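Asks: Quick one: the structure is below, and I'll ask about it shortly.
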Amino acid sequence: MPEMTFASAAPDEIPISLTINGQLHRLDVTPWTSLLDLLRETLHLTGTKKGCDHGQCGACTVLVDGTRINSCLALAVMKDGAEITTIEGLGTPDNLHPLQAAFVEHDAFQCGYCTPGQICSAVGMMSEGHASTRAEIRELMSGNLCRCGAYTNIVDAIEDVMQDGRPAVREAAE
Amino acid sequence: MTPFAYVRPTSVAEAVAAVGSSGTARFIAGGTNLVDLMRYDVETPQTLVDITRLPLKTIEDAENGGVVIGALVSNADLAYDERIQRDYPLLSSAILAGASGQLRNAASTGGNLLQRTRCYYFYDVATPCNKREPGSGCPAIGGVNRIHAILGASEHCIATHPSDMCVALAALEAVVHVTGPEGERRIPFAEFHRLPGDRPQDDNTLKHGEMVTAVALPAPRFGAHHTYLKLRDRLSYAFALVSVAAGLDMADGRITDARIALGGVAHKPWRDEAAEALLKGQAPSPAIFAAAADHILRDAKGQGDNNFKIDLARRAIQRALEQAAAGTPQVQAEKRVN
Amino acid sequence: MSNTEAFVGRPQSRVDGPLKVSGTATYVAEFGAEDLLHAVVVSGAIAKGRITSIDTAAALKVPGVIEIFTHENRPRTAWFDYKYRDEVAPPGSPLRPLYDASISYSGQPVALVVAETLQVAQYAASLVEVSYEAEPAVVDVAEVLGEAYVPKQKRSGISPPPKPRGDADGAFLAAPIRLEHEYRVAVEHHNPMEMHATTVVWEGDGKLTVHDKIQGAQNSHGYITSVFGLSADDVRVHSPYIGGAFGSGLRPQYQLFLAVMASLQLERSVKLVLTRDQMFTFSYRPDAIQRVALAADKTGRLQAVRHEAVMGTSRHEDYQEVVVNWSGLLYSCDNVRLDYKLAQIDTHTPADMRAPGATLGVYALESAMDELAYAAGIDPIELRLINFADKDENENKPFSSKELRACYAQGADRIGWSRRNPVPRSMHEGRELVGLGMATGCWEAQMQKTSARAVLTANGHLEVSSATADIGTGTYTIMTQIAADALGLPLESVTAVIGDSSLPTAPVEGGSWAAASTGTAVRAACHALRQTLLDAAAGIDGSPLAGATLDQVTFQNGRIAFIADPVMSVSIGEAMQATGKERIEAEETASPDMKAMATYSSYTHSAIFAEVRVDEELGIVRVTRIVNAVAAGKILNPKTARSQILGGVVMGIGMALHEESIPDKNLGRFMNHNFAEYHVPAHADVEDIDVIFVEEEDDMLNPLGIKGLGEIGIVGTAAAIANAIHHATGRRVRHLPITLDKLL
C-alpha cells in the first residue's frame, strides 16, 4: 500500500478533474475542500448555496452523475471524475429549465436562497421516479428547508412540471 | 476542518492496511456523518481512506436464501432495490424513514451502521462530553436531554444511536461482515453496537482498522407482518424520539415468532428477546402487546426532559405490533399513522 | 389626472424571479474581490464571566493565517458605547465585539481569524485556545420574574401599555364567567436560510464597499461610519439580495463590525460568513411569560381583561416589544389593565422576529378567548363578534378601516366551520381526532418617511430606486408595478434598484411598512416626471396634447393621452425626445399623513382557521389545512402577497408545533443550535394553506391604500392551531411549541 496514491504539485493539493455543467475542469484541491466550497469559492459558481454546511437544510443540493446530494458533505477530491450539474447548468435567466420557469410562475420562493437547492433536488427527485402524489413529493423534498415557507407553491411547481411530462433533466450546457 | 492526508486504495486489503497503519486514520464512504463531524472538529482524523471506489456496491443472493449487501450500496439504492422491497420491506421502510433523499443517495450501508450519536453535547466542542473526550463529564445528565436514552444508559453517557436502518437490521438479525488486519469476521447485529458503560467513546465492537464490507440478511421473514414506526419532532427529516421495527410470523391467527427493535431509546438498537418470547403462541391483542411493551420497558429510566419517552415507547410498541399483526405497515410518505 | 392600473392589483411574477431560480442573484457572500481574505469567528463557550487568556500561537502558525483579532489586540474603535447604537437599537449599551475580556452571553465572539482561504481560517479558528473564569448565569426568564421591571426608557416606535381603563380587578371578581391562565412561547431563532455574512471590499485609500446582510443598507452604513469614525463618502453598503432575515437583519450584527475592522486594519478585502450554529448567537424571539385574565357576563360580553407579560432581555439593552396592548385593542371592554415588564438574563439581546410582540401577545389573548368561548358556551367566532371593537379603545380613535367581520365570515365559510361540532373530542376520522380552531390576527399598518428616485432615459427606460431592501417580500416587484403604472410603461421598461446606501433615504425594511412607504415614494417620484413629459409632449409642433393639463391626460400603454379622447396622444418616447435630454429624473419623499395618524388607528386584521388531525395515543399532530382571511387594504400583487401570508403561516406552524431553542441552564447555552435539532417546518409538515384577501379600502394612511403583509400571516396562526388541538383532544396546552410529549 503506497503512502499516498497521488503525487501532488503543491503540498496538500491533489489534482482532480470534474465535469461541471458540461465543462471539464482540471483542478488541484486540498482534500478537506468540500464540493460546495470548491463550487462557490474557487469556481465562483455561487448559485449553489450554503445554508448550514452540515447536510441539514438542502440549500447546497447539486446533481452528481445525475444523483442529488448535499455538496457540503461531499469532499471534492472524492468526486474526481464525476459529472456535476449545478443550478447554473439547468438553465439561464433567458432560457429557464421547465422547473425554474414553474418556480417563477408559482412564486415558489421568496428570498430565493433555498431555491437552487429546491430545484436541483426536485430534478433529482423526478428522475428517481418515486414520487407521484403530493404527499410523496412533500416527503421526498423534505430534505430542502425553506424558511420563507414557500412549500405549497414549491409542490405546485413540481407537480405542474411532472404532469406536463416534460423531461426533468435537460442536457447540461446546451 | 483539521487537515488530513487522503488516500484512495484500490482494494479492501489496501484500505485495511492504510487505516491499520495509523491510529488516527479513518475510512470514509458517503461522508454524510464523518464530514459533518469533522467540520465541527468532533472528529479529527489525520488520514482519510476513501473506500468509495472499492467493489462493494452489489446486493447478492446468499446460500442461506438471504442476501449480502455490499457496504457501499447507498441507502437509497438499498431501500429502492426490488428484491429488498419485496423480501425485506421492513428494511426498505426503515431506511426511507430516515434522513432525506439527498442524504440517502450519498450515505452507505456500512456508514449507516457507524453513525454517531446526535447528542447536543457530543456535537458541541465547547461543552464536556465523555464520548468525545473521555473523562470530561456528561452535561446531558441533568442538562438538556429530550433526545436521550431511557434504556441501557450509564452514569458516563446517555446518548442514543440515531440510525433508523439499524433498527430494522437488528430486528432482522443481520450479520455484519468485517475485514480487519487480522482477517475477516462476522458479527451478529446484536453484538455490533454496544452500550456505553464506562467506555462511551466506543460506539461498537469494531477494532481499529476493521472495515465493514457487507451486511448479510438471513432468508426473508416477516414479509406479511411488519412495520417501521418512527415518532419525531416534525413529520420528516428529523431523528427519531422513538422508533419501532416490528416483524411477526403469524399462523392460524396466532403469533409464531416476533421481533421488536427500538430506535432512539438507547446507545444501540434495542432488542429484548424475552419480550418477544411473550408474544409467541399468542393471538394478537392489545393486552398481549401491552405486556410485551411493559416487559421491554421494565428497566426504562428517564433523565428528566426525556421521561415522556417511556410512555411514548410503550404506545409506539403497541401501535407497531398492531400494524404488523394487521399486515398494514406504516407508509413513510403517509403521515397518518394507521 | 387619471391612470388605469395595468399592473398594480394584478398577480405578477417576481421581476427578480429568473435571477433567483437560475442562481444568478448575488447574495452578500457571493461578491468577489481581488485578494479576498476569509474570516472565521471564534465563539465563546461560557455565558458569563471573563476571558482569562487567549492563546493564538498555534493558530498563527498555520500557513495562510494573516491575523487573529482578540480583545487584546483589536484596533482602536469608538470608545463611547452610544457610537455603536444603530438606527433601530433599543435603549441601552449595544454589544461591542472584542471590546474587553468580559463575557455576557454564550456564543459571544471572542476572536476573529483571518486567512488567505476559508479552509485555513476554519482550521486555525479551531486551534485558538480560550480560557475563562465563569460566573453563574441565568438564561431562563422564569427564574428572574422577581426582578422584573418596567423599562425606564421606551424603545422608539414601541408603545408602552395604555393606562388602565375602568376597574379590571373589580369587574373580574364580579363577573359570572372568568378565567386566568399563564401562556408561554419558547425562545425562537430567526434562522433565515442565508447565514449572516459580510463581504468588505477594500477599494484603497480607506474606501470600502460593504456587502452586508441587512434589511436596510443605510443602517449598516450609519453604524460603520459611527463606530469606525469613517466619512460617509468613504463607505458604500450594497446588498441587493438578502436570503431571508425575518428581523435578524434589522440591526447590524457582529459580523459586520468584525469584517470591517479586519478590512480596515489589514487594508484588504475580507469576507466573513457565520456558521449555522453561530446563527444562534445573536437575535432571537424572546421568551415572554404571560398571564391573561378574562371575565364575561353570561351573554359573552367581556367585563374585564387583564394581560401581564414579563419578557426576557439581555443585561445590556432594554429590548421591548408590543406584547400586551393587543388585549386592549382587539375587543371592546370597559375594564382593562395591561402590564409589560422586562427581566434581564444572560443572553444576547433579543430582536424583532416576524410580527414581534403580536405573535406572543395575540397568541395568549386568542388562546384565552377560545377558553372563554368554552367557558361561556358560545361559538368562538360569535364570541369575537359579540365583543367586536368598533374603535381603538386603547387610543380612543376610530379605525381607518377594519373589514375583520368579513374575514371571519369568509374564512369560516372556506374552512367549513359550520360542520364543526363544538364539543371537544367529538370529531374523528379513523384513529385520528379532528379539530377546528380559529383566532384573530392583527398588526399595525404603518408607513415611514421614505425617499425614492425615478430616472427616465431617452431610450424609454425607467429606473426607480430607494435604499430599501427585498428580503423575499417582493419589494423589487411592487416597485416595478407601481412605477410602470405611474408612467404607463410596460413592466419590461422598468427597473427597480434597492439595497444600496447611496440611494435615496429609506428606513430598514421591517414592520410591514416597506410596500406602503417605498411604494408611495416611488409613485410620487414617477408622478413628478409627468409634468416634464407632458410639457415636452405638448410642445411638439402640432402636438395633439397642446394645452393639455395633467388632470386631463392619462399615462397608459406607453402613451400620454387625453382622457376624453384617447386617440389624441403622444408616446412617452416622443415626449422624452422632445425634452431634448438624455435623462430626466425626480426624487420625492413620502411621509405618513400625521393628521390622519392622529385621527385614526390603522391595522391589518385577519381571521385564521386551522384544521388539525391528532393521533392522541402517539401525540402526533398534523395541520391538514389552514385558511387565513386577511384584510390589509389594497393588495398590490396578489401572487407575491399570497406568498407573504403563506410564509407567515408556515412560521406560525413552526411556532405552534416545532420551534424551540433549548437552553442548558447549567451552561447558559442554547444546545440545539443547528438545523437538525432546531426544527423548522419541513415540506412534510405543510399540507394545504388557503389565503383569502378580503376587500378593504383605506386611503387614510397612504394614497395607495396599502397596509402591509409581512407580519400579519403569522399573528394568530399558532393560537388557531392550539385552539384546534384543544377542539380535537380536549387538551389545552399553554406552552408552545406543542410537541408530542405535551399531548401524551
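Asks: So which residues in the stretch C:385-415 are among the polar types (S, T, N, Q) and in contact with a Pro (Cβ under 6 Å, 6 or more places away or on another chain), if there are any at all?
Replies: C:N394
Asks: Applying the selection to the stretch C:78-107, what residues are open to solvent by less than 20 Å² (accessible area, probe 1.4 Å) and among the hydroxyl-bearing types (S, T, Y)?
Replies: C:Y84, C:Y105, C:S106
Asks: Can I ask one more? Only one of (1) surrounded by fewer than 21 Cβ atoms within 10 Å (Cβ to Cβ); (2) under 30 Å from B:T127 (Cβ atoms); (3) not aliphatic (A, V, I, L, M) fails for B:G31. Which number is that?
Replies: (1)
Asks: Right, here's the next one. May I ask you to verify whether C:L618 is buried (at least 24 other Cβ atoms within 10 Å of the Cβ), more than 9 Å from chain A (Cβ to nearest Cβ) and not polar (S, T, N, Q)?
Replies: Judged against the criteria, C:L618 is not a match.
Asks: Within the stretch C:71-85, is there a residue that is modelled with pLDDT under 95 and among the polar types (S, T, N, Q)?
Replies: yes
Asks: Of everything in the stretch B:244-290 that's in a loop (DSSP other than H, G, I, E, B) and among the charged types (D, E, K, R), which residue is surrounded by the most Cβ atoms within 10 Å (Cβ to Cβ)?
Replies: Residue satisfying both the conditions and the ranking: B:K268.
Asks: I would also like to ask the following. When residues of the stretch A:122-165 are filtered for being crowded, with 19+ Cβ neighbours inside 10 Å, facing chain B (nearest Cβ under 9 Å), more than 18 Å from the chain's Cα centre (by Cα) and outside any helix (DSSP H, G or I), how many remain?
Replies: Going through the stretch A:122-165 one residue at a time, the tally reaches 1.
Asks: Residues in the stretch C:213-232 that are part of a helix (DSSP H, G or I) and free of Cβ contacts under 8 Å to residues at least 12 places away in the same chain: how many?
Replies: Final tally of qualifying residues: 2.
Asks: Let me ask you something else. Do you know which residues across the stretch C:153-194 are touching a Ser or Thr at 6+ places or on another chain (Cβ under 7 Å) and within 14 Å of chain A (Cβ to nearest Cβ)?
Replies: C:E188, C:H189, C:H190, C:P192, listed by residue number.
Asks: Only one of C:A174, C:A121 is surrounded by fewer than 19 Cβ atoms within 10 Å (Cβ to Cβ) and more than 28 Å from the chain's Cα centre (by Cα); which?
Replies: C:A174
Asks: Is it the case, given these coordinates, that B:R26 is of a type outside the set (A, V, I, L, M, F, W, C), within 22 Å of the chain's Cα centre (by Cα), surrounded by 18 or more Cβ atoms within 10 Å (Cβ to Cβ) and closer than 30 Å to C:L274 by Cβ?
Replies: Here the answer is yes, as B:R26 does meet what is asked.
Asks: Has the stretch B:85-92 got any residue that is in contact with a Phe, Trp or Tyr (Cβ under 9 Å, 6 or more places away or on another chain), over 11 Å from B:L217 (Cα atoms) and of a type in the set (G, A, S)?
Replies: yes
Asks: Would a scan of the stretch C:12-30 turn up a residue that is more than 30 Å from A:A157 (Cα to Cα) and open to solvent by 30 Å² or more (accessible area, probe 1.4 Å)?
Replies: No, that holds for no residue.
Asks: Tell me, which residue of the stretch C:236-251 that is assigned to a strand (DSSP E or B) and open to solvent by 10 Å² or more (accessible area, probe 1.4 Å) is farthest from C:T475 (Cα to Cα)?
Replies: Looking at residues that are assigned to a strand (DSSP E or B) and open to solvent by 10 Å² or more (accessible area, probe 1.4 Å), I get C:R236.
Asks: Got a sec? Which of C:T24, C:T56 is of a type in the set (S, T, N, Q), out of contact with any helix residue (DSSP H, G or I) (no Cβ under 6 Å at 6 or more places or on another chain) and under 29 Å from C:I214 (Cβ atoms)?
Replies: C:T24
Asks: Taking the condition polar (S, T, N, Q), buried (at least 20 other Cβ atoms within 10 Å of the Cβ) and within 11 Å of chain A (Cβ to nearest Cβ), does B:S21 pass?
Replies: Considered against the rule, which asks whether it is polar (S, T, N, Q), buried (at least 20 other Cβ atoms within 10 Å of the Cβ) and within 11 Å of chain A (Cβ to nearest Cβ), B:S21 comes out as no.
Asks: Going by what's in this entry, would C:E5 be described as acidic (D, E), open to solvent by 60 Å² or more (accessible area, probe 1.4 Å) and assigned by TED's automatic domain parsing to the domain that holds C:A124?
Replies: no
Asks: For the structure I just gave you, tell me whether B:D77 is open to solvent by 20 Å² or more (accessible area, probe 1.4 Å), away from chain A (no Cβ under 12 Å) and in contact with a helix residue (DSSP H, G or I) (Cβ under 9 Å, 6 or more places away or on another chain).
Replies: Considered against the rule, which asks whether it is open to solvent by 20 Å² or more (accessible area, probe 1.4 Å), away from chain A (no Cβ under 12 Å) and in contact with a helix residue (DSSP H, G or I) (Cβ under 9 Å, 6 or more places away or on another chain), B:D77 comes out as no.
Asks: So which residues in the stretch C:672-684 are facing chain B (nearest Cβ under 7 Å), assigned to a loop (DSSP other than H, G, I, E, B) and in contact with a Ser or Thr (Cβ under 8 Å, 6 or more places away or on another chain), if there are any at all?
Replies: Correct list: C:N672, C:A682.
Asks: If you don't mind, another one. Suppose we filter the stretch C:732-741 for residues that are within 14 Å of chain B (Cβ to nearest Cβ) and outside any helix (DSSP H, G or I); how many remain?
Replies: Residues that pass the stated criteria total 6.
Asks: Right, next: Scan the stretch C:371-393 for residues that are open to solvent by less than 10 Å² (accessible area, probe 1.4 Å) and out of contact with any strand residue (DSSP E or B) (no Cβ under 7 Å at 6 or more places or on another chain) and jot them down.
Replies: If the condition is that a residue be open to solvent by less than 10 Å² (accessible area, probe 1.4 Å) and out of contact with any strand residue (DSSP E or B) (no Cβ under 7 Å at 6 or more places or on another chain), then C:A373, C:L383 are the ones that fit.
Asks: Scanning the stretch C:571-600 for residues that are in a strand (DSSP E or B) and out of contact with any Leu (no Cβ under 8 Å at 6 or more places or on another chain), which turns out most open to solvent (accessible area, probe 1.4 Å)?
Replies: Going through the qualifying residues, I end up with C:E587.
Asks: Does C:D318 satisfy the criteria of being over 22 Å from C:N396 (Cα atoms) and surrounded by fewer than 24 Cβ atoms within 10 Å (Cβ to Cβ)?
Replies: yes
Asks: I would also like to ask the following. For the stretch C:410-420, what are the residues that are on the phi < 0 side of the Ramachandran plot and either buried (at least 18 other Cβ atoms within 10 Å of the Cβ) or free of Cβ contacts under 8 Å to residues at least 40 places away in the same chain (or both)?
Replies: C:Q410, C:G411, C:A412, C:D413, C:I415, C:W417, C:S418, C:R419, C:R420
Asks: Can you list the strands (runs of 3 or more DSSP E) found entirely within the stretch C:1-116 that contain at least 1 residues being within 12 Å of another protein chain (Cβ to nearest Cβ)?
Replies: C:37-43, C:109-115
Asks: Would you mind listing the strands (runs of 3 or more DSSP E) fully within the stretch A:28-89 where at least 1 residues are under 24 Å from B:N75 (Cα atoms) and more than 9 Å from every other protein chain (Cβ to nearest Cβ)?
Replies: By residue number, A:61-64, A:83-85.
Asks: Got at least one residue in the stretch C:366-389 being within 30 Å of C:M279 (Cβ to Cβ), at pLDDT 95 or above and assigned by TED's automatic domain parsing to the domain that holds C:H727?
Replies: Within the stretch C:366-389, one or more residues are within 30 Å of C:M279 (Cβ to Cβ), at pLDDT 95 or above and assigned by TED's automatic domain parsing to the domain that holds C:H727.
Asks: Looking at the stretch C:637-658, can you tell me whether even one residue there is in a loop (DSSP other than H, G, I, E, B) and within 14 Å of chain A (Cβ to nearest Cβ)?
Replies: Looking for residues that are in a loop (DSSP other than H, G, I, E, B) and within 14 Å of chain A (Cβ to nearest Cβ), one finds at least one in the stretch C:637-658, hence yes.
Asks: Given the structure, is A:D107 in contact with a Lys or Arg (Cβ under 7 Å, 6 or more places away or on another chain) and either at pLDDT below 95 or charged (D, E, K, R) (or both)?
Replies: yes
The values are calculated or read from the model by the stated rules, or taken from the named source; none is laboratory data. No experiment lies behind these values; they were computed from the predicted model shown. Positions of Cβ are generated from backbone atoms using ideal geometry, with glycine treated the same way; all protein chains shown enter the neighbour counts. These accessible areas exclude ligands, DNA and RNA; they are computed on the full protein's heavy atoms, side chains included. Shrake-Rupley method; radii C 1.70, N 1.55, O 1.52, S 1.80 Å.
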